[in-house]
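What follows is a single structure, written as structure tokens, with notes after it.
Please treat every number below as a calculation from the coordinates, not as lab data. These numbers were taken from a predicted model, which means no experiment stands behind them. For neighbour counting, all protein chains shown are included, and Cβ atoms are generated from backbone atoms with ideal geometry for every residue, glycine included.
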Amino acid sequence: MGSNLSKNQRRHQTAKEIDTVPNIANTNLQQDLHAENVFLGEVHQHIYPPEALDIDAIERRLKAELKEKNERIFGCLDEHPIPLDVIREYEPRLEKFGAPSAWEYDLPIHSKYEINDLLPSAQHNASAESWSYAKTESSRHEYVKKHGNVVGVIGAAGIGKTTLAKIHLRQTVQNNPDAFIFHMSLKDLDYSKEISVLEFLLRSSHPQWEHSPETDSALLKKISNSETVFIIMDGLDEAKIDDIDLKVPTVGLFNNSKPHHILMNLLNGNLLSNTFKWIVSRPGAYYDLHPDYKPHFTARVVGLGHASQRLFCNTFCTDDKDNRKLQNKLDQVPAVRAVCTIPMFCSLMIPYALKQLHKNKATISLTGSFASAFSDCIRSDHFKGKLLDVRMLTKLALNGIINDQFVFSAVDFEGYGFDLNAMETFLSLKVTANQNMRIFTGDKIYFFSHLTWQEFLAAMHLMFVASVSELESLLKHFTEPRWEFVFRFVLGFFDESVYHKISKFFPNSSKDDMSSKKVLLKNIVEKMAHQYAENGVFDYPRPLHEAYTSFELLNKNKFINRPANTTLFKLCALAMESNNAELTKTVASSLPDTILISNFISHSDVASLCHVLCATKRAISINVGALYKYATFTGDSLTSFLSAISTTNHKIAKFHVRSSSVGIKDFSFLKKYLDTVEELSFRQCSTETGVMTKIIDCIERRKTPLGFMDFTSMGLSAQSLSRCIGHVERIEHHSSRIDSNGMKHVVAKLKNLKEPIKWLDIGQNNLGTEAAVQLAPCVDKIEMLWLHQSMIDYEGGFEPVFTAIENLKTPMQLLTIGANRIGLKGISSVAKCLHNILRLKMYYCMIRAAGVEILARAIAALKEPMKELNIGNNPIGTDGIRSLCDCVHNIEALNLYDCALTDSDLEMLLKQILKLEKPMKWLCLGRNNLGDDSAGLLARSLHMFENIWVEKLCFSDEGIQTIKDALQLDENQLCKVHGLDGEC
């Protein structure tokens, strides 16, 4: 048919062609034609009589076609790919600072994950969480189904996220031949148009599938009821979603909705909760997700470890001598190692590094490796006479970054005028088939072979083609996450050797323009450095021993959850990429006297940070992690960090490491600091034999006590722990191997102490009754004691502990006995010793109204108020609240998280609180059945609180706004509300 036919003419013409089809033997084609009649019914209803859908046949056809398409996706993968390292991205909990979690779950967080571990680990994580967030067996099952079937996979540009997803796809297809398996590229979707859920799933995985309301609904029923549905959603960072950080409406399975809304409802399990889902993204976009939609389990791809890099070298170096030289270079130069962790960069870096080695040049940068690869391409016969095309290609790349565009159609090339065939090195082609009334047409779409190539070419245009004013107009974007690599690449051209390599291809570029551009870019770096100098340190402002006695730390939750090190590592990466002494000096001078590095720390982070630190002459105090905000080093990046720092005069003040590999070599560098470090954590780390013994030896030899030590989940015995008592002020050692046999070593050391230990946390150990009996005579030697979840019963276990506390001469600062079987007799014993406990935590102890009544009578009789009572996660109900009303005047802080409270219960409690002479320090009301009536009550009572926790209540938007309005009217700003809108 000619293209000049109207849409209706084409419909009638095609219908006539279908009517004349003689005897179609092909079953699939018959099914296709039958499905199409839904569309043609208005015009030729007489062609086929209405028939019942053979949904089983349609289901089999869809699965077969999806399988065929999926096999094409991973068909280019190596059968035995070089392995990528994957770890869990850990987000700390806030229970220690008053958050309502029952206790801090210590889930198995391994140094590395196998790809098949990810979904089971997500389910394990959700199962552990369900005990805090669901009350019944059925609701816990639903919680696990919603949140345990989703895995977030993040990583830096080119790190191998998509490759990992394809490997997972291949294994899934092989292991589940009869499953629904959807592989989606999120950048392919048009987010402005409403579509059905099935169209969303098939838009990139099977775009030519013909949709109709009947078949879509029937297939969606099949999909929603199936236990084997897998959805891989790749490229969240390339999806054009403007309001990714906002909440969205709930989506119905059979309704048309915006693709963005469908995506968010898939991620939080509101939609297709049975399905197994992967979401793949660079970290920036992933962390911009609204908390309600961020997967509860996140894996981070950290790229090629040392062994994998050596395998990569073997594939490139045919000469053994070159191979040894190159591998020595990887061992000696952290910057090269850092870049080579990223597979895409490694494939460019290794040939480039080989050339540099042959030229005896030491400087190797990311921009240099891309420039070298670009130079080789341009010099090839394929590109002869195409330099003008390259200039246009760089303009296209830049416009794509400006407009947030990563997919290009034929119309996008109008006005650029370059030869697409010549550009195939940089551009990839995809054909999406469209079925238009049995006439197949193909839409060609193009995208850069990797997003990083688009970013490199965009940077090249800015430095060698664009005017100074054009660059200046874009500088405001350079601190945004999606411009991060463009910014790094433009600074990479500060390196003279890299600049000369590319400038020869742009003979018209002006050196004066380049000088002006460098000045503009340096100003941006200086501005960032100045801002970091003002705001770079965000550590706890109070001494550690106040962490459990000061409610002001509740307001530090932003510190706990914020993305760590963002500005610091970006600044250092920019300085290292530029290879410019002046820029490096600018960044180095911006570092405050104390810096904090925490959360995930990659090889590239270490390389760039050490580049700047080694150029800093004044001594800087480095906090590696902080209390409950750990640092996790990938691979052997901890070794690189310690070896570089040991050559400087900087000191390590705090050292809190989690889920990292700690070897003998690390200890050889670290021992320099073990005499002076203030706090020390090795939490769930993997260590070589003898390392922890050597560390404990150093602790024993210290001249001054170590402020804090945490060896949780390290498998250290009670005997090893006992060696530290008397040499450490505060010890955290749960989820280890302490039992009744080992407790005697701990008790022996405690008895000999001249001054009490400030803090001993041995909860989440299988202590049992006998260990508690042994510990009881030593409670006068402990100011704050944690025995939560320790398998201790009241009879014969806690009974002697409570008796010993009752007879103390000085009150105990804190006692935590949550998640143990206390019973009414135990509560009665606790009540007798409340005058000697300033803060008591009894969450998850199955305390009911009768138990609260016993506690309330004892609290009401106290001469001095209790600093805190935590009876969260206990079903105390209305009668329990009635009892608390009689003693609330003697409680400074009260935790009633998940205590089955209703609006009328809160009204009764607030009436008593309003009678107090001074405000309460803190009231936690999270996860109770409190609605907008309670929001109004709280709004009128805010002046009676310093802090309120309202996470996971039943407030509507109007109720939330009521509280916010009341906060704005609070002239003294006394009350701080935590958890509003589900925030932490």
R0 = 30 Å: FRET efficiency of MET846 with GLU917, Cβ-based, nearest 0.05?
0.30
Semi-axes of the equivalent ellipsoid of the stretch 589-748: what are they in whole Å, largest first, if each equals the square root of 5 times a C-alpha gyration tensor eigenvalue?
29, 16, 13
Between SER224 and LEU808, how many nm apart are label points set 7 Å from Cα along the C-beta direction?
5.6
The FRET efficiency for THR704 and SER828, from their Cβ-Cβ distance with R0 = 56 Å and rounded to 0.05, is 0.85
Percentage, to the nearest whole number, of Cα pairs in the stretch 751-893 over 26 Å apart
18
Packing-based ranking, highest mean first, of 598-606, 205-213, 871-879, 277-285 given that Cβ atoms within 10 Å are counted
598-606, 277-285, 871-879, 205-213
For GLU688 and ASP56, compute 0.36 nm times the residue count separating them, minus their Cα-Cα distance, and round to one decimal in nm.
221.9 nm
Please report, to one decimal in angstroms, the Kirkwood hydrodynamic radius of the stretch 867-984 built from all distinct Cα-Cα pairs.
13.9
Under a point spin-label approximation (7 Å from Cα along Cα-to-Cβ), what is the SER497-LYS651 distance to one decimal in nm?
3.8
On full extension of the chain, what length is gained from SER347 through ASP512, given 0.36 nm per residue of separation minus the C-alpha to C-alpha distance?
56.0 nm
Add +1 for every Lys or Arg and -1 for every Asp or Glu among the other residues with Cβ under 10 Å from the Cβ of PHE708, and state the total.
-2
If you count, for each residue, the other Cβ atoms within 10 Å and average over each peptide, how do 255-267, 487-499 line up from highest to lowest?
487-499, 255-267
Hits in the stretch 809-845: amide N under 18 Å from the 7 Å Cα→Cβ extension of GLU795, namely 820-830
Grab the alpha carbons of the stretch 657-718, take their convex hull, and tell me the volume per residue in Å³.
82
Label the stretch 158-244 by shape, choosing from rounded, prolate and oblate, from the square roots a ≥ b ≥ c of the eigenvalues of the Cα gyration tensor; if a/c is under 1.5 it is rounded, and otherwise prolate applies when a/b is larger than b/c, oblate when it is not.
oblate
Descending packing, highest mean Cβ count within 10 Å first, for 622-629, 913-920 is 622-629, 913-920
What is the spin-label model distance, in nm, from HIS477 to ASN255 if the labels are put 7 Å beyond Cα along the C-beta direction?
3.5
Shape category assigned to the stretch 566-626 from the gyration tensor of Cα positions, a/c cut at 1.5:
oblate
Say the cut-off is 20 Å between C-alpha atoms; which of LYS671/LYS694; LYS240/LYS570; LYS744/LYS832; LYS867/LYS921; LYS63/LYS258; LYS751/LYS825 go over it?
LYS240/LYS570; LYS744/LYS832; LYS63/LYS258; LYS751/LYS825
At 37 °C and 0.692 mPa s, grab the translational diffusion coefficient of the stretch 698-807 from Stokes-Einstein with a Kirkwood Rh over Cα pairs, rounded to a whole number in µm² per second.
239
The stretch 242-319: Cα Rg divided by the 2.2 N^0.38 Å rule of thumb
1.62
Expressed in nm to one decimal, what extension gain is obtained for the pair ASP675 and GLN961 from 0.36 nm per residue of sequence separation less their Cα-Cα distance?
97.7 nm
Cα-based shape type of the stretch 620-705, given that a ≥ b ≥ c are square roots of the gyration tensor eigenvalues and the cut on a/c is 1.5
rounded
Of all the Cα-Cα pairs you can form in the stretch 704-752, what percent are over 18 Å apart?
23
Whole-Hz Karplus ³J(HN,Hα) for the stretch 860-867, in order, using 6.51 cos²θ - 1.76 cosθ + 1.60 and θ = phi - 60°, x for Gly and Pro?
4, 8, 5, 6, 10, x, 6, 6
